[in-house]
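Below is one structure, written out as structure tokens; the observations come after it.
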Amino acid sequence: MKRNNGPTDGICIFAGSGSPNLTAKICNYLRTKPSAGEVVRFSDGNLFVRVGENVRGRDVYIVQSTVFPTNDNFMELLFWVDALKRASAESVTVVMPYFSYAKGDKKDEPRVSIRARVCADAIAAAGADRVLTLDLHAPQIQGFFRIPVDDLYALPVLGKEIARLKLPNLVVVAPDAGFAKQARKYASFLRSSIAIADKERRAHNERAEILQIIGDVRAKTAVIVDDFTISAGTLVDAANKLVERGAKAIYAAVSHGVFGEGSMERLDKSPIRRLLVTDSIETQPVKLSSKVAVVSVAPLFGEAIRRIHSRESISVLFPNR
């Protein structure tokens, strides 16, 4: 993204434990430094957050992905918001590159919690004034919040990186019908055809079965696109099915590389040549495979923060809307 030299005077950007590297890159884009603060972890598991500088009357941004460890990072985020509001910050914007509990967006069986709604209520109750995030699992989750939410797209970042590879005879593949709409946006961005995998998930075990591929992939270079992957199972199953259907080469691009144990081994054994991910998550418990290429979304978040701070529209950051 082209750097914009608009005003960032008085901006305060704090790094949570889940996103120190991304915060540093965002601050570098904005030509500022991360604000001073610390998190103390006590032996009993309690967290203690301290704001290390004066934020009275200032617009403040706290950057924190809520994963690895999910509950610790989410609670820390709430403590940051509370500490900043009690320090008399004028406004607190939660910059949440990855919202882990976004997957709990519905009551799809009896006697279960809508976890995303509970977390949205907690963020607002803690005192946050705005949320800035990336590729929520379901766009309607924005409606769970009682405060403004800006849900950025990784599409322009990942799309440009895919285009840079100059892959021949390209087809974009959605791993399921639920991501088909977003996959069409990738296809439009890359001026390619599209195919859709028919997927069935029968349990809450992070595993799904690819039943068939809808669309022509024979002799084509397939790029599987998705919002996140944990086990890499769906990506690998889709890749194997694409090979069966005659695809010439397989690539993949996902917004959030969550990556649990076993994911890299599964990826290394797969026909996927390269997996593009953003740096929305930097606390994975596994060493990334050489097949994984990380593309930074710091300029995207940096520009969004700059525009919010200077009271400008951020609609230009949303392609194909």
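Based on what the data block shows, is SER100 under 17 Å from CYS12 (Cα atoms) and hydroxyl-bearing (Ser, Thr, Tyr)? Spelling it out, it is not the case that SER100 is under 17 Å from CYS12 (Cα atoms) and hydroxyl-bearing (Ser, Thr, Tyr). Scoring ALA102 on the criteria (1) in a helix (DSSP H, G or I); (2) in contact with a strand residue (DSSP E or B) (Cβ under 8 Å, 6 or more places away or on another chain); (3) among the hydrophobic types (A, V, I, L, M, F, W, C); (4) under 27 Å from GLU261 (Cβ atoms) leaves a single failure, condition (2). Of all the listed residues (PRO168, PRO156), the sole one being in a helix (DSSP H, G or I) and at pLDDT 95 or above is PRO156. Of all residues in the range 81-102 being within 25 Å of the chain's Cα centre (by Cα) and surrounded by fewer than 18 Cβ atoms within 10 Å (Cβ to Cβ), which is nearest to LEU300 (Cα to Cα)? That would be SER91.
For ASN71, the criteria (1) closer than 21 Å to THR283 by Cα; (2) crowded, with 20+ Cβ neighbours inside 10 Å; (3) under 23 Å from the mean Cα position of the chain (by Cα); (4) of a type outside the set (Phe, Trp, Tyr) hold in every case but one, which is (2). The set of residues in the range 31-48 being among the charged types (D, E, K, R) and assigned to a loop (DSSP other than H, G, I, E, B) consists of ARG31, LYS33, ASP44.
Being more than 18 Å from the chain's Cα centre (by Cα), buried (at least 20 other Cβ atoms within 10 Å of the Cβ) and modelled with pLDDT of 95 or more is true of VAL173.
Residue by residue, here is whether (1) under 16 Å from the mean Cα position of the chain (by Cα); (2) not hydroxyl-bearing (Ser, Thr, Tyr) holds:
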site: LYS269; (1), (2): no, yes
site: SER280; (1), (2): yes, no
site: THR283; (1), (2): yes, no
site: VAL286; (1), (2): no, yes
site: ALA293; (1), (2): yes, yes
site: VAL297; (1), (2): yes, yes
site: GLY302; (1), (2): yes, yes
site: HIS309; (1), (2): no, yes
site: LEU317; (1), (2): yes, yes
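Applying the set (1) outside any loop (DSSP other than H, G, I, E, B); (2) over 24 Å from the mean Cα position of the chain (by Cα) to ILE62 leaves exactly one unmet item: (2).
The values are calculated or read from the model by the stated rules, or taken from the named source; none is laboratory data. The shown structure was predicted, so the numbers you read here are calculated from the model rather than taken from an experiment. Virtual Cβ from ideal backbone geometry, glycine too; neighbours counted across all protein chains shown.
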